[in-house]
Amino acid sequence: MIDLVLKLTRLLPPETSHSISLILLKIAHKLNLYSFFGISPRFALREPFKFKNLIFKNRLGTAAGLDKNGDYIGALGDLGFGFLEVGTVTPKPQSGNAKPRVFRFTKEKSVINRLGFNNKGLDHLIKNLKKSKYDGVLGVNIGANKDSDEKERIKDYLCCFRGVADYADYITINISSPNTPGLRDLHSKENIRELLSKIQIEREKLNFLNPVFLKISPDEDPNTHREIIRSLIDFNLDGLIATNTTIHRNSSHNSLIRETDGGLSGELLFEKSNEVLKNIANNISHNLLIIGVGGVNSKDSFNHKLNLGASLVQIYTGFIFHGPKLIKEILR
Ligand SMILES: Cc1cc2nc3c(=O)[nH]c(=O)nc-3n(C[C@H](O)[C@H](O)[C@H](O)COP(=O)(O)O)c2cc1C
């Protein structure tokens, strides 16, 4: 029933459909209608996974961007996910790029977005984190404001890190959105080492003992990824999230997809994100965690990421196309 309602919202433009779907879920959750709609958080308790001090209820979580502001933590948490990642949050609120900026390709089960970190800012997210009653692992993905220059960008990450440290079960440093000009330059050896060394100092100052992950782009070459792993080890990070969206279009012949700017996610990202996952899994030591993300839309694709070396898996686009029944299918 809820799947039918959510399917109907897909007749609306993608961004409107996304907002309305989340609002409907929140209302259904507030009115205790989940069990009436056949949604049960009991799936969440299948095969918990332990990493450091955290117990993930299961290995499937939401990817960043689905709930940028932490407005839907309760509603998403009770769908059965094993963990949630909110954000990307930036210090100041920002409206993002001009609309339209999200494009849905139903046949390809893929999405292109060039949102540009639209979010309500750090203070708003902190308010939501403070009042959250979610009892699962809640990660926070942090970024930089669009109008920050190179130096200010690092300060933005530190500001967000400080702001969310008391409430986040883990923090993800997101350097991989293709929609904030210059952000992906942080993948270079010099830049990543500067950023991570400052994060390390901040982390020690705050005595933040929970994991810190780095979310990477699928568009860098394998050497860059290997170099990043080295920096991760040097600055005591806990793992990698692979991957964000791609700016490349070689996975599709659809001219509309090829001509639309932004980050591509969903089925068309699956192979590319898996290549990166495989490469980093082959080069990573076993005490670094890998979270696989990109194109998961079935139990098989979920298992494939685990087989390639991911310990946890996140979804976004698959959830947009298939709704809550995908969680059930994956965790059953
Ligand atoms: C509309 C949209 C917005 C996104 N926003 C963010 C974001 O704010 N931060 C981030 O790290 N990733 C963001 N992502 C990337 C996803 O978290 C994920 O890495 C990517 O979509 C690949 O997974 P998928 O194929 O399951 O969607 C966004 C993706 C989409 C489709």
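The values are calculated or read from the model by the stated rules, or taken from the named source; none is laboratory data. None of these values were measured; they are calculated from a predicted model. Reconstructed Cβ throughout: ideal geometry from the backbone, glycine too, with neighbour counts over all protein chains shown.
Structural remarks
- For segment 47-60, the condition of being touching a residue at least 24 places away in the same chain (Cβ under 8 Å), farther than 20 Å from R332 by Cβ, away from the ligand (no atom under 12 Å from the Cβ) and in a loop (DSSP other than H, G, I, E, B) holds for at least one residue.
- Enumeration of residues in segment 298-326 that are outside any helix (DSSP H, G or I), more than 13 Å from the ligand (Cβ to nearest atom) and farther than 15 Å from T243 by Cα: G323, P324
- Being assigned to a loop (DSSP other than H, G, I, E, B) and at negative phi is true of S177.
- Index of the failed condition, K127 passing every other in (1) within 20 Å of V296 (Cα to Cα); (2) not in a loop (DSSP other than H, G, I, E, B): (1)
- Flag for L84 being more than 22 Å from I216 (Cβ to Cβ) and buried (at least 24 other Cβ atoms within 10 Å of the Cβ): no
- The conditions of being without any contact (Cβ under 8 Å) to a residue 60 or more places away in the chain, within 13 Å of the ligand (Cβ to nearest atom) and crowded, with 19+ Cβ neighbours inside 10 Å are not met by N141.
- Some residue of segment 224-238 being at pLDDT 95 or above and within 20 Å of A64 (Cα to Cα): yes
- Filtered residue count, segment 113-133, keeping only those that are near the ligand (Cβ under 8 Å from one of its atoms) and at negative phi: 3
- Any pair with Cβ under 9 angstrom, 6 or more apart, that starts in segment 164-190 at a residue that is more than 16 Å from T90 (Cα to Cα) and ends at one that is part of a strand (DSSP E or B) and of a type in the set (D, E): Y170/E85
- Among (1) part of a loop (DSSP other than H, G, I, E, B); (2) loosely packed, with under 15 Cβ neighbours inside 10 Å - the single one G96 does not satisfy: (2)
- Screening I290 with (1) surrounded by fewer than 24 Cβ atoms within 10 Å (Cβ to Cβ); (2) not in a strand (DSSP E or B) gives one miss only, at (2).
- Some residue of segment 243-259 being surrounded by 15 or more Cβ atoms within 10 Å (Cβ to Cβ), free of Cβ contacts under 8 Å to residues at least 60 places away in the same chain and of a type in the set (A, V, I, L, M): no
- Residue in segment 241-259 that is in contact with a helix residue (DSSP H, G or I) (Cβ under 6 Å, 6 or more places away or on another chain), within 9 Å of the ligand (Cβ to nearest atom) and more than 21 Å from L84 (Cα to Cα) present: yes
- Odd one out for P100 among (1) within 13 Å of the ligand (Cβ to nearest atom); (2) in contact with a Leu (Cβ under 9 Å, 6 or more places away or on another chain): (2)
- Candidates D71, D67, filtered to the one that is closer than 17 Å to I327 by Cβ, buried (at least 16 other Cβ atoms within 10 Å of the Cβ), without any contact (Cβ under 8 Å) to a residue 60 or more places away in the chain and within 16 Å of the ligand (Cβ to nearest atom): D67
- Options G74, G116, G65, G80; residue that is farther than 22 Å from N297 by Cα, small (G, A, S) and part of a loop (DSSP other than H, G, I, E, B): G116
- Of all residues in segment 5-23, those that are farther than 17 Å from L115 by Cβ have Cβ atoms under 7 Å from Cβ atoms of residues that are within 16 Å of the ligand (Cβ to nearest atom) and not in a helix (DSSP H, G or I), 6 or more apart or on another chain, in L6/G323.
- The single residue among K278, K305 that is under 25 Å from E329 (Cβ atoms), out of contact with any strand residue (DSSP E or B) (no Cβ under 7 Å at 6 or more places or on another chain) and at pLDDT 95 or above turns out to be K278.
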